[in-house]
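Every read-out reported here was derived from the displayed coordinates using simple, explicitly stated rules and does not represent laboratory data. Note that this is a predicted model, so its numbers are computed, not measured. Backbone-built Cβ (ideal geometry, glycine too); neighbour counts: all protein chains shown.
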Amino acid sequence: SAVKKQIKQEARENALKLLRRIGLEDKANAYPSTLSGGQKQRIAIIRALAMNPKVMLFDEPTSALDPEMVGEVLDLIKELADEGMTMVIVTHEMGFAREVGTRILFVDGGKIQESAPPKEFFDHPKNARLQEFLSKVIS
């Protein structure tokens, strides 16, 4: 039907717009096996964005990436933060969390041990386990 064709065309245009946003429009017809880890991760993010979510959840979005690809993914997430996207991000990238986060939570043993704005969280941690963790990951 004409309506289905219209919807399909809109979806394609939106997909190409999102691919353009991350500089991968030329990969629109590429097989996943030909993409780098960073490219796959950025495409996974824009695939979620295509649904116009109010909140995005990220579980270690950089954990399986080579160091040079980590920046590509963190840059995209920072862009989303700058645009006002609400995100919950599980990460060990403390510098990134400090720069982008508005509230940082420290979870240990499946429980929230500390929750604070970034400056307070990093400069004045109250939880002993958090103090120990930060002393190891922040030089």
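Once the Cα-Cα distance is subtracted from the 0.36 nm per residue extended length, the E120 to I7 segment shows a gain of 35.9 nm.
For E114, nonlocal amide neighbours, meaning residues 5 or more places apart or on other chains whose placed amide H falls under 5 Å from its own, are F106. Per residue, the average separation of C-alpha pairs within less than 8 Å and at least 6 apart gives segment 1-80 a relative contact order of 30 percent. Peptide packing: for 93-106, 27-40, the average count of neighbouring Cβ atoms within 10 Å per residue gives the ranking 93-106, 27-40, highest mean first.
Taking a 30 Å limit on the Cα-Cα distance, which of the listed pairs K17/K136; K17/K54; K78/K136 fall beyond it? The answer is K17/K136.
Relative contact order of the chain: 15 percent, from C-alpha pairs under 8 Å at least 6 residues apart in sequence. Expressed to the nearest 5 percent, the antiparallel share of DSSP beta bridges inside the chain is 50 percent. Calculated translational diffusion coefficient of the chain (20 °C, 1.002 mPa s; Stokes-Einstein with Kirkwood radius over alpha-carbon pairs) equals 125 µm²/s.
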